[in-house]
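Colleague: Okay, here's the structure, questions in a sec.
The values are calculated or read from the model by the stated rules, or taken from the named source; none is laboratory data. Since the structure is predicted, the reported quantities are computational estimates derived from the model, not experimental observations. Ideal geometry is used to build each Cβ from the backbone, glycine not excepted, and the neighbour counts take in all protein chains shown. Heads up: the accessible areas ignore ligands, DNA and RNA and are worked out on the full protein's heavy atoms, side chains in. Shrake-Rupley method; radii C 1.70, N 1.55, O 1.52, S 1.80 Å.
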Amino acid sequence: MFRARPIPTPNSDRIYLDHAATTPLRPQARAAMEEGFGLWANPSSPHGEGRKARAALEDARERIKTALGWTGELIFTSGASEAAALALGRAKGGRRFVSAVEHDCVPQAAPDADLLPVLADGQLDLAALAEAIGADRPVVAVQQINSETGNRQAIEPIHERVSDAGGLLIADCAQAAGKMTMPPCDMAMIAAHKFGGPIGIGALLVRDFAMLEPSGGHERGYRRGTENLPGALGMAAALEACSESYLDEDVLRAFDAFERECRSAGGTPLSDRLSDPTPYIRAIAMPNLSATAQVMRFDMAGIAVSQGSACSSGTMKTSRVLDAMGVEPDIAANTIRVSLGWNTTRAEVERFAETWLEMARP
């Protein structure tokens, strides 16, 4: 049982529980990037320095594919958002479809796409999917792990239906890469800063380059701009470090204990409603205190949490993801996201739990 105590002052050591937005750089990634900074030449240059940089870049590419178990192609990007724009903008196919609970970068990459509804448990409505896509070579984008709720989407049946329609499935794997097995899909987006790699590097995984219209430039003609070699090396090293368990079981047990206390205090862990909740992203509603107020009060207490995904939380609006799931407005308005990372400790979770319970007291 957690004992509530006074909220710590801002002078306390700060706790970062917003790892779904970005994680601290792993030591292995930092060392690899330092090596990459010594390889200053453009990997496309034909001279000796350029060839050396190219060899290092291609080695990083193969290491990332091996770590992910991906047998297709890999295009380096600046992150998952650019990968989404590349995939949805240049995929060879017909009408675009995105689920109603996708990360903001996905509907922004395909503003004319049709929205696919989800059920109350966060899963895509497969009947609606089958009715919508027909047999017109659809391009469908879905998130493997939802960045706000932590729900894991059942990708296999979606992939089967899209393939039967002669279409392409794009999976947003930003929250899952390095933590879970890659799902069956035709393309996948990943971002290094989600698993302890550097910010500003990601990739679009493509089963076959024939699925994409080239645009010229680097990366086999599919992306313009000089490659980020230090970032690619850091990304490969961070991903290889994920071969160890991403989260300590003792940390997860502490959070499970907190969720039990949360329910007793009138709170609502959204994991109770999800079809397949993942352990490292949790959405929790506090009674009688808005998410906006919670984020501010936690920040004053030295604890970083978020309201919705980091790319949209600055708006301080009720989450469209929770709206799409039919979450009651009073619960949606009071829901924050807490996400754990590779370096989160049990003591940090316990301090968050004590602070949450103190706030929740009437």
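Colleague: List every residue whose amide H lies under 5 Å from the amide H of L116, counting only residues 5 or more places away in sequence or on a different chain, with H placed 1.01 Å from N in the peptide plane.
Modeller: Excluding prolines and chain starts, which carry no amide H, the hits are V98, S99, A100.
Colleague: Determine the relative contact order of the range 78-194: mean sequence separation of Cα pairs under 8 Å and six or more apart, normalised by residue count, in whole percent.
Modeller: 26 percent
Colleague: Among DSSP bridges having both ends in the chain, what percentage is antiparallel? Round to the nearest 5.
Modeller: Roughly 60 percent of the beta bridges in the chain run antiparallel, per DSSP.
Colleague: Relative to the compact globular guide of 2.2 N^0.38 Å, what is the alpha carbon radius of gyration of the range 226-270, as a ratio?
Modeller: Normalised Rg, Cα atoms only: 1.95.
Colleague: Still on this model: Residue by residue, what Karplus-based ³J(HN,Hα) values in Hz, rounded to whole numbers, does the range 210-221 have, using 6.51, -1.76 and 1.60 with θ = phi - 60° and x for Gly and Pro?
Modeller: Along the range 210-221, the couplings run 5, 7, 10, 7, x, 10, x, x, 7, 6, 6, x Hz.
Colleague: On the full set of protein chains, 1.4 Å probe, figure out the accessible area of T181 and give it in Å² to the nearest 10.
Modeller: T181 has an accessible surface of roughly 120 Å² with all protein chains in place.
Colleague: Another one. Might you tell me the accessible area per residue for the chain, computed with a 1.4 Å probe and given in Å²?
Modeller: 41 Å²
Colleague: Using a 1.4 angstrom probe with every protein chain in place, what is the largest-first accessible-area order of R30, R282?
Modeller: R30, R282
Colleague: Using only the Cα atoms of the range 216-337, each taken as one equal point scatterer with no solvent, compute I(q) by the Debye sum, divide by I(0), and report log10 of the ratio at q = 0.09, 0.12, 0.13, 0.18 Å⁻¹.
Modeller: Values returned for q = 0.09, 0.12, 0.13, 0.18 Å⁻¹ are -0.39, -0.64, -0.71, -1.01.
Colleague: Further question on the same structure: Hey, can you grab everything whose amide H is under 5 Å from the amide H of T77? Only 5+ residues off in sequence or another chain; H modelled, so Pro and N-termini drop out.
Modeller: Those qualifying (amide H under 5 Å, at least 5 residues apart or on another chain) are G202, A203, L204.
Colleague: Let me ask something additional. Would you kindly compute the Cα radius of gyration of the range 183-258 and its largest Cα-Cα separation (Dmax), both in Å?
Modeller: Cα only, the range 183-258: 16.7, 53 Å (Rg, Dmax).
Colleague: Roughly what % of DSSP beta bridges within the range 63-154 run antiparallel, to the nearest 5?
Modeller: 25 percent
Colleague: Let me confirm the definition first: pairs of Lys residues in the chain, 8 or more apart or on different chains, C-alpha distance under 30 Å. How many are there?
Modeller: Counting lysine pairs in the chain gives 10.
Colleague: Among S163, S245, S81, which one shows the highest mean-square fluctuation when the chain is modelled as a Gaussian network with alpha-carbon springs under 10 Å?
Modeller: Residue with maximal mean-square fluctuation among S163, S245, S81: S245.
Colleague: Mind putting a number on the dipole of the chain about its Cα centre? Charges go on the C-beta only, +1 for Lys and Arg and -1 for Asp and Glu, and I need it in Debye to the nearest 20.
Modeller: That gives the chain a dipole magnitude of about 600 debye.
Colleague: In the chain, if every C-alpha pair distance is counted and binned at 10 Å from zero, what percent goes to each bin?
Modeller: Taking every Cα pair in the chain, the percentages come to 5, 24, 31, 24, 12, 3, 0.
Colleague: Using the charge dipole of the range 238-362 (Lys, Arg: +1 at Cβ; Asp, Glu: -1 at Cβ; taken about the Cα centre), state which of M286, G341, S243 has its Cα farthest towards the positive end.
Modeller: Positive-most Cα among the choices belongs to M286.
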